[in-house]
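The values are calculated or read from the model by the stated rules, or taken from the named source; none is laboratory data. Everything quoted here is computed from the prediction, not taken from an experiment. Glycine gets a Cβ as well: all are built from the backbone with ideal geometry, and neighbour counts include every protein chain shown.
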Amino acid sequence: MYYYAVVERYNTFSPDVVKKMPKKELVEEIWRLQGALSEQTEITKFSQQEYERLQNEKILCRVCFEEQISIVLLPCRHHILCSTCSEKCKKCPICRVFIEERLSIYDV
C-alpha cells in the first residue's frame, strides 16, 4: 500500500501522512525511494558518458576516428576528414563528389 499525497502534480508525502504510516511501510518506502534515486544516478552518469563520447565523435575524422577533423573538402564543403585521410581520398566519403581542393582549418 502506498501513501501518496498529490501536491502540485508531484507524488510526495505530507508530514501528516508520514506520521500516520506504519514504521515497516515507511522503511520499505524509504528503501524503494533510495533504490530509485540510485538507479536515476546511474542513468545520469551513463547519459553523461554517452554525451561525452558523442561530443568526441563529432570532432574525430569519420574515416580513421583517431585524428581531429581539420579539412574542408571543396567543392562540396564537407568537414569530416583529418589531413592524413583527406590526402588518401579522391572523392568525398559523404557525397562521392571528386575533391578539387582541401582547405585546412584551425580551431581557435
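In this structure, does Tyr106 turn out to be modelled with pLDDT under 95, over 23 Å from the mean Cα position of the chain (by Cα) and of a type outside the set (A, V, I, L, M)? Spelling it out, Tyr106 is indeed modelled with pLDDT under 95, over 23 Å from the mean Cα position of the chain (by Cα) and of a type outside the set (A, V, I, L, M). Within the option set Thr41, Thr84, being within 16 Å of the chain's Cα centre (by Cα) and assigned to a helix (DSSP H, G or I) holds for one residue only, Thr41. Among the residues of segment 44-81, the ones that are surrounded by fewer than 15 Cβ atoms within 10 Å (Cβ to Cβ) and assigned to a loop (DSSP other than H, G, I, E, B) come to 6 in all. Inspection of segment 18-33 finds a residue satisfying the criterion of being touching a residue at least 24 places away in the same chain (Cβ under 8 Å) and either surrounded by 14 or more Cβ atoms within 10 Å (Cβ to Cβ) or assigned to a helix (DSSP H, G or I) (or both).
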